[in-house]
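The values are calculated or read from the model by the stated rules, or taken from the named source; none is laboratory data. Just so we're clear, the structure is a prediction, and the values are computed from it rather than from any experiment. Here the Cβ is made from the backbone with ideal geometry for all residues, glycine too, and neighbour counts use every protein chain on show. These area figures cover heavy atoms from the full protein model, side chains too; ligands, DNA and RNA do not enter into them. Shrake-Rupley method; radii C 1.70, N 1.55, O 1.52, S 1.80 Å.
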Amino acid sequence: MFEVSSPTPIQALALPILEKKGVEVFVKREDQIDVEISGNKWRKLKYNLIEAKTHGYGHILTFGGAYSNHIAATAAACKRFGFQAIGLIRGDELNSQSNSTLQKAAADGMQLEFISRSQYQRRNDIEWLTELSTKHRAYIIPEGGSNPLAIQGVAELVDEITQDFDYLVCPVGTGGTLAGISSRLKKHQTALGISTLKGEKYLEELITNLVGRTSGWQLFHGYHFEGYAKFDSHLIKFINEFYQTTHIPLDPIYTGKMMYALIDMIKKDKFAPGTKIISLHTGGLQGIYGFNQQHNNLLKT
Ligand SMILES: Cc1ncc(COP(=O)(O)O)c(C=O)c1O
C-alpha cells in the first residue's frame, strides 16, 4: 500500500582502526530508504499509516521538538500518502518559520500548533490524547513514532540482513528503534543502543516494556555529549573526518554519536577480534542544514 526503497544497502567500512583490531563493521544505509521519510522514521511510520488508513482516519496527529526528524518525516509521509498532518510542537515561543525543519513541515502541509513545555509534558496522557483524537478526528502517533506498530516496522529491517553478525548498533532517542531490532535478533546476537539523551534511565524500562524482555539488548549512556543535541569539538571533528574518509554523512544528534561511540568502544577493545557489527544509519540528515545554519557551518557537506 505504501512503498519506499528497501531493502536498504549494507556497506562495509574500511578504516585502519578496524583492521588493527580485527573487527568488521558494516553500515546499513537506512538513510537511503527515502530522501524525505528516511531511516527509522519510515520503519516506524509504515504500520501506523496502514492502521490509520484501515480505520478510515484522514488526519494524523503527532508530537515533536523544534528540530524533530519525526515531525519532518511525518509531514512528508502524510503529504505523500494523502493524510492531513497535525504537529504539536514543544515551545510556544516558536513559529512555522523558526527553522528549516518547521518550515519544511509547514510547506508539506502539516498544521503546526505550538504548545508550552508544561503542556507538552502531557504528551502521553491518555485523557488528553483521547480529547485530541476526538477533536481532530485524528489517528495519534506518539513522539518519535515509537509504539508497538513501530516495533513491527523496525523489525523488518533485521529481516533484510542476510549475512550473519554479532551486534546491531543504533542510536536511541525514544527507544522504539532499539526495541524493534532487538525483537527480531537471533539468540547469539545483541542489539546495542547508544543513548543520545542525558540521564534518561527510564529508557531501560520503556524498552523492556516494548520488547517484553531485558535480554538481547544493551543501552549505553556514556556518549550523549552532555545531552540531547549537545556536542563538542571532538564530535564535530569525528563526523567531518568520518565523512571525508567514508563519504557517509552523519548527523550530530543521532548517527554521529552512535558512530563515535562504536569506534571508541572498538578502540577500547570492547569487542573481540573477529566480531561482526552492523551499525544502523537511521537517517536524520535533514537536521544538518538547520544545525549548520545555527552553528556557522561546522559540519562539512
Ligand atoms: C535519525 C534518528 N536516529 C535515531 C533516532 C532514535 O530512534 P528512537 O526514537 O526510536 O530511539 C531518531 C529519533 O527518533 C532519529 O531521528
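Within the set 218, 293, 286, the sole residue that is open to solvent by 70 Å² or more (accessible area, probe 1.4 Å) and within 27 Å of residue 36 (Cβ to Cβ) turns out to be 293.
Mind listing just one residue for me: the one in region 65-86 that is touching a Gly at 6+ places or on another chain (Cβ under 6 Å), buried (at least 19 other Cβ atoms within 10 Å of the Cβ) and not aromatic (Phe, Trp, Tyr) and, of those, farthest from residue 131 (Cα to Cα)? This residue is 69. The set of residues in region 234-267 that are assigned to a helix (DSSP H, G or I), crowded, with 17+ Cβ neighbours inside 10 Å and touching a strand residue (DSSP E or B) at 6+ places or on another chain (Cβ under 9 Å) comprises 255, 256, 257, 258, 259, 260, 261, 262, 263, 265, 266. Taking region 216-233 as the range and being of a type in the set (A, V, I, L, M) and in a loop (DSSP other than H, G, I, E, B) as the test, only 229 passes. When the helices (runs of 4 or more DSSP H) confined to region 108-196 are screened for residues that are of a type in the set (Val, Ile, Thr) and within 16 Å of the ligand (Cβ to nearest atom), those reaching at least 2 such residues are found at 148-159, 176-182.
Does residue 133 count as more than 25 Å from residue 277 (Cβ to Cβ) and either open to solvent by 20 Å² or more (accessible area, probe 1.4 Å) or assigned by TED's automatic domain parsing to the domain that holds residue 225 (or both)? Considered against the rule, which asks whether it is more than 25 Å from residue 277 (Cβ to Cβ) and either open to solvent by 20 Å² or more (accessible area, probe 1.4 Å) or assigned by TED's automatic domain parsing to the domain that holds residue 225 (or both), residue 133 comes out as yes.
Residues in region 198-215 that are open to solvent by 40 Å² or more (accessible area, probe 1.4 Å), free of Cβ contacts under 8 Å to residues at least 12 places away in the same chain and in a helix (DSSP H, G or I): 3 in all. Regarding residue 283, is this residue on the phi > 0 side of the Ramachandran plot, of a type outside the set (D, E, K, R) and within 16 Å of the ligand (Cβ to nearest atom)? Answer is yes for this residue.
Test residue 51 against the criterion of being in contact (Cβ under 8 Å) with a residue 24 or more places away in the chain, of a type in the set (Asp, Glu) and within 16 Å of the ligand (Cβ to nearest atom), and give yes or no. It is false that residue 51 is in contact (Cβ under 8 Å) with a residue 24 or more places away in the chain, of a type in the set (Asp, Glu) and within 16 Å of the ligand (Cβ to nearest atom).
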